[in-house]
Amino acid sequence: MSLTALESPTPLDPRKFQNPSITAKGEQRAHVALRALETLWFNTGTLCNLTCRNCYIESSPRNDRLVYLTATEVASYLDEIEHHRLGTRLIGFTGGEPFMNAELPAMLDDVLSRGLKAMVLTNAMKPMHKMKPALLDLHRRFGGSLTIRVSVDHYAPALHELERGSRSWKPTIEGMVWLASNGFDVHVAGRRFSEDSEEAVRAGYARLFANLGVAMDAQDPGVLVLFPEMDPTVDVPEITTACWGILKKAPNSVMCASSRMVVKRKGAARPAVVACTLLPYDPQFELGESLAESSDAVRLNHPHCAKFCVLGGAACSQ
């Protein structure tokens, strides 16, 4: 079993992804309109207890480029959803490691008390364990409205730790088992970085879940989400308006047609809304400070747009 990331891929053509409207070949770049804000993500801060090898957001114990959001700041966006009757169904929390933000339980309480569903992306390690009492209380009061998605990058411990560092496997698995044994709605996020087929990868996770006594369906793409690898330095086709027909895909199927993310940059007075969870730093994807300002169409002017969303068919809210 080998990692494709260890091979020598073709480097990205520097002429690509330069003009927001026109590709390197002079074709019209594809764009995606917001059809409905079904999912709103909050990046609770980029600080993390791990430094993963290929973290798209470069989270680490030292990266505070996105600072901790407060429960009051989150509430202002939830108020906006209610005031404008946006019909948002899911509120997601990502990081960094969300459980490192001390106000996460208050944020979750606010979301769930409003009748919305919540999802937290976590490595299920020590920061989560410190919040076990709060999690159990939320589960008791709101049950299945709260989903915890645990990042288990591969069913093989060695490949998981190649991404996340030595001694990261055991505490993550212990955290996942604790969640499952206490009745939480637990999902898993894996990565497609091995040469195995998707069928083989899902079978590997199925064996892992069975061995752990965890009742999760590895064949359900909503329960076990397999994300494609993302490396902005590797060549990938630019997506043009003609690609929708060629690929038999609709713009509405892409993540930025139904979601946005709130971030707070270090030194900023207020949070900002960005196009999606994958592009928190690129200023061309910052859409304003309010949800009302963030409804503009998004031009797919980044390798992640092509690799993850259009060609990879992935979405963080799957």
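Straightening the chain between residue 60 and residue 73 buys 2.4 nm, computed as 0.36 nm per residue apart minus the Cα-Cα spacing.
Compared with the alpha-carbon gap, the fully stretched path from residue 246 to residue 284 is longer by 11.0 nm at 0.36 nm per residue. From the Cα gyration tensor of the range 218-277, with a ≥ b ≥ c the square roots of its eigenvalues, which class applies: rounded if a/c is under 1.5, or else prolate if a/b is larger than b/c, or else oblate? Since a/c reaches 1.5 and a/b is larger than b/c, the shape of the range 218-277 is classed as prolate. Among the trypsin sites (Lys or Arg not before Pro) within the range 142-187, which fall in a DSSP loop and have no more than 14 other Cβ atoms within 10 Å of their own Cβ? Those satisfying the criteria are 167. Farthest toward the positive end of the dipole of the chain, out of 261, 78, 102, is the Cα of 102, where the dipole comes from beta carbon charges about the Cα centre. Candidates 111, 18, 91 compared by Cα position along the dipole of the chain: farthest toward the positive end lies 111, with charges placed on Cβ. For an R0 of 30 angstrom, estimate the FRET efficiency from the Cβ-Cβ distance between residue 199 and residue 235 and round to the nearest 0.05. So, using R0 = 30 Å, E works out to roughly 0.65.
Under the convention that each Lys and Arg Cβ holds +1 and each Asp and Glu Cβ holds -1, the size of the dipole of the chain around its Cα centre is about 180 debye.
Taking each residue as 0.36 nm, the span from residue 25 to residue 214 lengthens on full extension beyond its C-alpha to C-alpha distance by 63.1 nm. Shape class for the range 177-285: oblate, because the ratio a/c of the largest to smallest gyration tensor axis (alpha-carbon atoms, square roots of eigenvalues) is 1.5 or more and b/c is at least a/b. Of the trypsin sites (Lys or Arg not before Pro) found in the range 10-57, the ones in coil according to DSSP and having at most 15 other Cβ atoms within 10 Å of their Cβ are 15, 25, 35, 53. Rounded to the nearest Hz, the phi-derived 3J(HN,Hα) couplings of the range 91-107 under the Karplus curve 6.51 cos²θ - 1.76 cosθ + 1.60 (θ = phi - 60°) are 10, x, 10, 9, x, x, 9, x, 6, 7, 7, 4, 8, 4, x, 5, 4, where x marks glycine and proline.
Each DSSP beta bridge with both residues in the range 20-310 is either parallel or antiparallel, and the antiparallel ones are about 25%. Its relative contact order, with pairs defined as Cα atoms under 8 Å and 6+ residues apart, puts the range 20-310 at 25 percent. Between residue 270 and residue 35, the modelled label-to-label distance comes to 3.1 nm, taking each label 7 Å out from Cα in the direction of the beta carbon. Relative protection proxy for 300-307, 216-223, 39-46, from highest mean packing down: 39-46, 300-307, 216-223 (other beta-carbon atoms within 10 angstrom).
Spread over its residues, the convex hull of the C-alpha atoms of the range 20-310 is 131 Å³ per residue. Rounded, prolate or oblate: pick one for the range 72-172, where a ≥ b ≥ c are the square roots of the eigenvalues of its C-alpha gyration tensor, a/c under 1.5 means rounded, and failing that, prolate if a/b is larger than b/c, else oblate. Verdict is prolate for the range 72-172.
Every read-out reported here was derived from the displayed coordinates using simple, explicitly stated rules and does not represent laboratory data. A quick note: this is a predicted structure, and the numbers were derived from the prediction, not measured. Here Cβ is always computed from backbone atoms with ideal geometry, including for glycine, and neighbour counts include all displayed protein chains.
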